[in-house]
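Contents: one structure, followed by commentary.
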Amino acid sequence: MDKISIPQIKQKDFSLEKKAIPNEAKDDVIKDKIEISSTQEERITAAIRRTEGKLLKETQLLGAIGIGVATGSFLSQLITGNVLGGIAGPIIGALSAGLWEHFALTDKIKEHLPSWLKKKNKVAKASKVALEVKEASPRVLYPSIANVSGEERALIESTLDKLPLKDVTSVKNIVVGKTGDGILGITTAQPIGNNIVIKEELVKNASMAPITEHTIVHEVGHARDFGEGIADMVKRGQYSKSAPFGKPPYVTSPISDLPNKPYAATNRFEDFAVTYEYYHTNPQKVAREAPQKYSAMQKVEQPSLTDKLLDRPSVRKIGKTISQWIDKVPGLRLTLEYLGKISAPIALYGGARALQRGIENEDKVDKTKGKFTLAEGILLSNRSLALATLGLLGLEIYVNRKLKKGKISLEQADKVATTALAVSGGPVGVTAWAFLRNLPLVEHLPPEKEDLKLTKEDKKLIAKVAGGVVAGGIGGGIAGGTVGGVVGGVIGGVIAGPPGAITFGFLGKLIGSIGGAHLLANLGGKIARKLGRGGKVSEEASGGRELEDAQHNSTGN
């Protein structure tokens, strides 16, 4: 009986298990176990996809806000006719763009567009390229000058002729008008360009010409400090924020000083502008009264090789002539500046959307397009790198032509676009690229596994790879930038003197920092990944055992 009772008890216990758990519930339990079983590559891929999705959505929002701010400023100036604009237009534009993106109005509108409007066309592509070329090209146009006679225009232009061309082109409009009591000039940094207003009574009085010249130079100094576009507006003083500006000794100004206080002591912005004013009108005075600020201004105003090539009387004459033609059409200059300024946020917005769509649909055409466009947006957002956008546009056109002729595959085109996107981000971009390349990832992730969670071992491996990549990226970037800057400076100095040393030094530092970060970040990632392989193996084994257990229980054995 003992021998018979033992299996009876087991059979009885098993039957009770079956009764306790209905078949439907049991199937759900088995299904859940099978769904959550996964490899480490799949879990990490799922986590990276979610992070990429969030970053791309944030980039779209950033681009939308950039478009909104520029549009608000444009409409504000166009409607009111006031070049000083104001903060209301940009703020309303930013809020409107944020709401637009929050409610996904772009997608909703596209759903209701006629089919012929949804199709991509050559005009749209050509317009995109034209805007980016316009914004990336070197600046040569003189500012628009309004409310002046022929003699007054000649006075303003002759004053601008004494300043470096790169400083002159940092101003978009000079208007002679009302400024308020005791105020000779005002400069405002707008999202679509810096504008200057010079006191009307000052310019109209020929005997005050010397003071007019000083005022113009002073205000151009503010424009040079404020920089250009939305990105520089955030910085609010790209030169004055650093020492020695904002601290004594100050350059004195017989025109602006109060009885017991130098005007330059008002704030760091005025300190920079007064220093700039006298650096270009009386440099010996600056060197005598504030030698550190004189040295700092020398560095700011040192021309690059590009500046030397462009800053010629013939180029200036072309810039003046074109500017005068544009001024004959009301609102044209403002419109052109607006279209140029929205090229960067449009590229960021469109590139992020295309890349996100490509990742979600595993479409390499959209991925390639998105990466190229996003890289262009990044470069256009940085004035010192904007010229490189022309080369990137050329590369994109070349790759697309090769792709259409079947001379390269989609995979090869995508690799070129990936490299372009990483390099456009500088040392940070290539370091992030190295981090992704050194993680165990899968190319295709089933939709049902997109929400997989990381285990402790996964997080440890990611932390180790991140640590190795970041350490290598920082070390390589610093070392490469230092060596590249020195080598580039020496080569440039031999070829073209001081301007060449500045230009080649900058390029050498940039290329060296990117190359160094790329090499050492990859090396650090590989070492870190090898150290973390033990966790990967154990997790895959545990995932396999979990799947086997679920399948075993489903058969009731």
Only one of Ile346, Ile322 is β-branched (Val, Ile, Thr), assigned to a helix (DSSP H, G or I) and more than 27 Å from the chain's Cα centre (by Cα), namely Ile322
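Select the helices (runs of 4 or more DSSP H) contained entirely in the range 224-306, then report the ones holding at least 2 residues which are of a type in the set (Lys, Arg) and touching a residue at least 12 places away in the same chain (Cβ under 8 Å). Step through it out loud before you land on a result.
Working: elements: 229-235, 268-281, 283-289, 291-301.
Those helices (runs of 4 or more DSSP H) do not exist here; none qualify.
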Looking at (1) at pLDDT 95 or above; (2) surrounded by 15 or more Cβ atoms within 10 Å (Cβ to Cβ), can you tell me which one Arg357 breaks? (1)
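Would you be able to say whether some residue in the range 362-383 is within 15 Å of Thr59 (Cα to Cα), of a type in the set (Ser, Thr, Tyr) and not assigned by TED's automatic domain parsing to the domain that holds Arg224? Break it down stepwise before answering.
Residues of the range 362-383 that are within 15 Å of Thr59 (Cα to Cα), as a first pass: 370-381.
Pick out the ones that are also of a type in the set (Ser, Thr, Tyr) and you get 373, 381.
Retained after the next criterion (residues that are not assigned by TED's automatic domain parsing to the domain that holds Arg224): 373, 381.
Yes, because at least one residue in the range 362-383 is within 15 Å of Thr59 (Cα to Cα), of a type in the set (Ser, Thr, Tyr) and not assigned by TED's automatic domain parsing to the domain that holds Arg224.
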Applying the selection to the range 154-181, what residues are farther than 14 Å from Glu200 by Cβ and not hydrophobic (A, V, I, L, M, F, W, C)? Glu157, Ser158, Thr159, Asp161, Lys162, Pro164, Lys166, Asp167, Thr169, Ser170, Lys172, Asn173
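Which one is surrounded by the most Cβ atoms within 10 Å (Cβ to Cβ) among residues in the range 35-74 that are of a type in the set (S, T, N, Q) and closer than 30 Å to His444 by Cβ? Outline the logic, then answer.
Quick first cut of the range 35-74, residues of a type in the set (S, T, N, Q) only: 37-40, 45, 51, 59-60, 71, 73.
Keeping just the survivors that are closer than 30 Å to His444 by Cβ gives 37-40, 45, 51, 59-60.
Working: Ser37: 20, Ser38: 22, Thr39: 17, Gln40: 25, Thr45: 22, Thr51: 10, Thr59: 20, Gln60: 20.
So, considering only residues that are of a type in the set (S, T, N, Q) and closer than 30 Å to His444 by Cβ, the one surrounded by the most Cβ atoms within 10 Å (Cβ to Cβ) is Gln40.
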Consider Asp181 carefully, then state whether it is assigned by TED's automatic domain parsing to the domain that holds Asn282, without any contact (Cβ under 8 Å) to a residue 12 or more places away in the chain and of a type in the set (D, E, K, R). yes
Output the residue which, of all residues in the range 125-162 that are in contact (Cβ under 8 Å) with a residue 40 or more places away in the chain, more than 30 Å from Met208 (Cβ to Cβ) and charged (D, E, K, R), is surrounded by the most Cβ atoms within 10 Å (Cβ to Cβ). Glu132
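Quick one: in the range 443-458, of everything that is surrounded by 14 or more Cβ atoms within 10 Å (Cβ to Cβ) and not polar (S, T, N, Q), which residue is farthest from Arg43 (Cα to Cα)? Show your work before the answer.
Kept after step one, since they are surrounded by 14 or more Cβ atoms within 10 Å (Cβ to Cβ), are these residues of the range 443-458: 445, 449-450, 452, 454-455, 457-458.
With the extra rule that they be not polar (S, T, N, Q), the set shrinks to 445, 449-450, 452, 454, 457-458.
Working: Leu445: 9, Lys449: 8, Glu450: 8, Leu452: 5, Leu454: 6, Glu457: 11, Asp458: 8 Å.
Only one residue tops the list, namely Glu457.
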For Glu443, state whether it is out of contact with any helix residue (DSSP H, G or I) (no Cβ under 6 Å at 6 or more places or on another chain) and of a type outside the set (A, V, I, L, M, F, W, C). yes
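For Leu374, are the conditions met, namely being at pLDDT 95 or above, surrounded by fewer than 20 Cβ atoms within 10 Å (Cβ to Cβ) and farther than 27 Å from Tyr142 by Cβ? Outline the logic, then answer.
Values: at pLDDT 95 or above: yes; surrounded by fewer than 20 Cβ atoms within 10 Å (Cβ to Cβ): no; farther than 27 Å from Tyr142 by Cβ: yes.
So Leu374 fails the test.
The values are calculated or read from the model by the stated rules, or taken from the named source; none is laboratory data. A quick note: this is a predicted structure, and the numbers were derived from the prediction, not measured. Here Cβ is always computed from backbone atoms with ideal geometry, including for glycine, and neighbour counts include all displayed protein chains.
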